[in-house]
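Q: Take a look at the following structure, please.
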Amino acid sequence: DTAVSQTPKYLVTQMGNDKSIKCEQNLGHDTMYWYKQDSKKFLKIMFSYNNKELIINETVPNRFSPKSPDKAHLNLHINSLELGDSAVYFCASSPGLAGVASADTQYFGPGTRLTVL
Amino acid sequence: AQSVTQLDSQVPVFEEAPVELRCNYSSSVSVYLFWYVQYPNQGLQLLLKYLSGSTLVKGINGFEAEFNKSQTSFHLRKPSVHISDTAEYFCAVSPYNQGGKLIFGQGTELSVKP
């Protein structure tokens with residue numbers, strides 16, 4: 001059974017398009033995250049949600065909007081895609097509530113490779 | 001603010017040799033410390049973490065790390081590496097009470113040769 005899954009695995013699209021990446025976890029965790037890994041493999045957090053509530057919102061362009069319909073899902077919608085958005089996007093989850101999440105192990109999905117042409 | 005520096009971007013080593021991957025951090029608040037591994041075309045998985053207590057932490061696959069508060073370091077070691085250890089290794093810190101935010105280093109590519 002896949003613990004943290006993402007769809008699609010690959011996404012190739014044109015500049016200016018709008019796209020979504022879906023993430024689901026079946027671990028019963030309370031907190032979910034989105035990270036961006038650039039071409040140099042540098043990882044940076046974008047957002048986190050705790051039980052459907054936005055907890056972390058780093059300095060990410062407004063074109064990126066996370067949505068959490070329930071605590072098992074955290075989707076990422078990107079408007080007006082730009083060349084610089086090309087990256088691998090990782091979803092992750094951790095068990096604890098926001099107050100203790102700092103010490104938690106995060107479980108990562110396999111990643112979605114986004115290529116903007 | 002926090003930052004993490006992994007001192008080696010690439011570490012080539014022969015099979016069965018020992019290896020050390022170096023990590024230094026700076027932070028104005030207390031942090032927890034992590035090492036994650038990323039195998040080719042996969043997500044990250046936890047190797048080990050330091051929360052408190054003994055400064056020597058043992059993880060999966062024979063890896064261990066030592067927390068040194070005075071040097072603000074958290075170096076990762078393995079006494080004898082295998083070909084299967086070839087991967088990208090990330091050191092990370094998580095500040096207390098910041099919702100689980102992980103701040104990563106730049107990564108170290110460990111390449112184990114036969």
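Q: Output the number of residues of segment A:12-32 satisfying the condition of being crowded, with 19+ Cβ neighbours inside 10 Å and at pLDDT 95 or above.
A: The total comes to 4.
Q: Out of curiosity, is B:F74 modelled with pLDDT of 95 or more, buried (at least 21 other Cβ atoms within 10 Å of the Cβ) and facing chain A (nearest Cβ under 8 Å)?
A: Here the answer is no, as B:F74 does not meet what is asked.
Q: Hey, another quick one. If we keep just the residues of segment B:77-105 that are outside any strand (DSSP E or B) and within 14 Å of B:W35 (Cβ to Cβ), which is modelled with the lowest pLDDT?
A: The extreme case among them is B:L102.
Q: Quick one: A:H77 ticks every box in (1) at pLDDT 95 or above; (2) within 27 Å of B:P40 (Cβ to Cβ); (3) in contact with a strand residue (DSSP E or B) (Cβ under 6 Å, 6 or more places away or on another chain) bar one, so which box is it?
A: With respect to (1) at pLDDT 95 or above; (2) within 27 Å of B:P40 (Cβ to Cβ); (3) in contact with a strand residue (DSSP E or B) (Cβ under 6 Å, 6 or more places away or on another chain), A:H77 is out only on (2).
Q: Moving to a separate point now. How about segment A:73-106: which of its residues are closer than 18 Å to A:F42 by Cα and not acidic (D, E)?
A: Answer for segment A:73-106, where residues must be closer than 18 Å to A:F42 by Cα and not acidic (D, E): A:L83, A:G84, A:S86, A:A87, A:V88, A:Y89, A:F90, A:C91, A:A92, A:Q106.
Q: Turning to a different aspect of this structure: State the number of residues belonging to segment A:80-111 that are among the β-branched types (V, I, T), more than 16 Å from A:V60 (Cβ to Cβ) and touching a strand residue (DSSP E or B) at 6+ places or on another chain (Cβ under 9 Å).
A: Within segment A:80-111, residues that are among the β-branched types (V, I, T), more than 16 Å from A:V60 (Cβ to Cβ) and touching a strand residue (DSSP E or B) at 6+ places or on another chain (Cβ under 9 Å) number 1.
Q: Ok, one more. Pick from B:A92, B:A65: which is more than 14 Å from chain A (Cβ to nearest Cβ), among the hydrophobic types (A, V, I, L, M, F, W, C) and surrounded by 18 or more Cβ atoms within 10 Å (Cβ to Cβ)?
A: Going through B:A92, B:A65 in turn, just one is more than 14 Å from chain A (Cβ to nearest Cβ), among the hydrophobic types (A, V, I, L, M, F, W, C) and surrounded by 18 or more Cβ atoms within 10 Å (Cβ to Cβ): B:A65.
Q: Another question about this same structure. Applying the selection to segment B:10-62, what residues are of a type in the set (A, V, I, L, M, F, W, C), more than 14 Å from B:F104 (Cβ to Cβ), away from chain A (no Cβ under 14 Å) and touching a residue at least 24 places away in the same chain (Cβ under 8 Å)?
A: B:V11, B:V13, B:F14, B:A17, B:V19
Q: Hey, which of the strands (runs of 3 or more DSSP E) in segment A:54-117, taking only ones fully inside, have at least 1 residues that are more than 24 Å from A:T13 (Cα to Cα) and in contact (Cβ under 8 Å) with a residue 40 or more places away in the chain?
A: Answer list for segment A:54-117: A:87-94.
Q: Please give the number of the condition A:K41 fails out of (1) closer than 16 Å to B:Q45 by Cα; (2) buried (at least 19 other Cβ atoms within 10 Å of the Cβ); (3) charged (D, E, K, R).
A: Failed condition: (2).
Q: Would you confirm whether any residue within segment A:56-65 is facing chain B (nearest Cβ under 10 Å) and among the β-branched types (V, I, T)?
A: The answer is yes; a qualifying residue exists.
Q: Still on this model: Of all residues in segment B:13-35, which are among the hydroxyl-bearing types (S, T, Y) and touching a helix residue (DSSP H, G or I) at 6+ places or on another chain (Cβ under 9 Å)?
A: If the condition is that a residue be among the hydroxyl-bearing types (S, T, Y) and touching a helix residue (DSSP H, G or I) at 6+ places or on another chain (Cβ under 9 Å), then B:Y32 is the only one that fits.
Q: Kindly provide the set of residues from segment B:25-55 that are more than 10 Å from the chain's Cα centre (by Cα) and assigned to a strand (DSSP E or B), ordered by number.
A: Those that are more than 10 Å from the chain's Cα centre (by Cα) and assigned to a strand (DSSP E or B): B:Y25, B:S26, B:S27, B:V31, B:Y32, B:Q38, B:L44, B:Q45, B:Y50.
Q: If we keep just the residues of segment A:58-108 that are in contact with a Phe, Trp or Tyr (Cβ under 6 Å, 6 or more places away or on another chain) and not hydrophobic (A, V, I, L, M, F, W, C), which is surrounded by the most Cβ atoms within 10 Å (Cβ to Cβ)?
A: Across segment A:58-108, the extreme among qualifying residues is A:S93.
The values are calculated or read from the model by the stated rules, or taken from the named source; none is laboratory data. Note that the structure is predicted; figures quoted are calculated from it, not measured. Here Cβ is always computed from backbone atoms with ideal geometry, including for glycine, and neighbour counts include all displayed protein chains.
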